[in-house]
Every structure is written in structure tokens, then in C-alpha cells.
1. Loop-only trypsin sites (Lys or Arg not before Pro) in segment 14-62, please: DSSP not H, G, I, E or B, and at most 16 other Cβ atoms within 10 Å.
2. Which whole-Hz couplings ³J(HN,Hα) result when phi for each residue of segment 81-86 is put into the Karplus expression 6.51 cos²θ - 1.76 cosθ + 1.60, θ = phi - 60°, listed in order with x for Gly and Pro?
3. Just the Cα atoms of the chain, one point each, no solvent: what log10 I(q)/I(0) does Debye give at q = 0.15, 0.23, 0.24 Å⁻¹?
4. Ordered by residue, what ³J(HN,Hα) values in Hz, to whole numbers, does segment 30-40 give under the Karplus form 6.51 cos²θ - 1.76 cosθ + 1.60, where θ = phi - 60° and Gly and Pro are x?
5. Would you rank E61, E69 by solvent-accessible area, highest first, keeping every protein chain in place and using a 1.4 Å probe?
6. For n ≥ 4 DSSP H runs only, could you compute -39500 (n - 2.57) per run for the chain, divide by its residues and tell me the 222 nm figure to the nearest 500?
7. Roughly how many percent of the accessible protein surface of the chain is carbon and sulfur, given a 1.4 Å probe and a whole-percent answer?
8. Over the chain, give the accessible area per residue in Å² for a 1.4 Å probe, as an integer.
Amino acid sequence: FFLPSVAFYNFPYTFGFLLSQALFAQFQSDGPAFLHHYEAFLKESGRATCEQAVRSTLGWEIDQPDFWERAIQSCAGSIQEFADAAASSVA
């Protein structure tokens, strides 16, 4: 969901989506061992800023561009899959 003419509306959706992609990619990498970090993140997110919660529980620096570049990259496979499906449905 993205409305290019209304940037303030897009930010929370885009932020949440990319953060969730990064969390899921880490779970796929670490497996069940990641769940205790995720649960700690959820608990901390109710009392800290997002930057603080992520840093203290996951060790990620979400105020750095490389974090967001990795999060976007984690979507690359899904984007390619969609592009391939769209191309094959047109052909």
C-alpha cells in the first residue's frame, strides 16, 4: 500500500513492512533461537522508542541506511517472483 502523493500516510506502513521483513529474514537465518530476541523486542517496543527497542534487543541500528538497504534487499526475491508472474501472464 503506497500513495505517492501523501508521504506522511505511507511512512508508518513502509517502516513497519520493512522492519517486519528484516525480522523475518533474521528468523529464517537463525531459526527458533531468534524467538527470544523477537519476544524481547515486542516487550521493549511498548516502553522505548523504536530505535532504542531495536538496538537493545536485536543490536541493529535502524538509523543507519545500511539497515534499510538490507531490509529492502530481503524483498528482492518476492519482487522478482511478482515480476516474473506478471510477465508470464501478459505473454
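1. Filter output for segment 14-62: R47.
2. Values, residue by residue: 4, 4, 4, 5, 5, 5 Hz.
3. -0.69, -1.22, -1.27
4. 8, x, x, 4, 6, 4, 5, 5, 5, 4, 5
5. From most exposed to least exposed: E69, E61.
6. Value at 222 nm, helices only: -23500 deg cm²/dmol.
7. Carbon-and-sulfur percentage of accessible area, whole number: 62.
8. I get 72 Å² per residue for the chain.
The values are calculated or read from the model by the stated rules, or taken from the named source; none is laboratory data. Computed from a prediction, not measured in an experiment: that's the story for all the values here. All Cβ positions, glycine included, derive from the backbone under ideal geometry; neighbour counts span all protein chains shown. The area values use the complete protein model at the heavy-atom level, side chains included, leaving out ligands, DNA and RNA. Shrake-Rupley method; radii C 1.70, N 1.55, O 1.52, S 1.80 Å.
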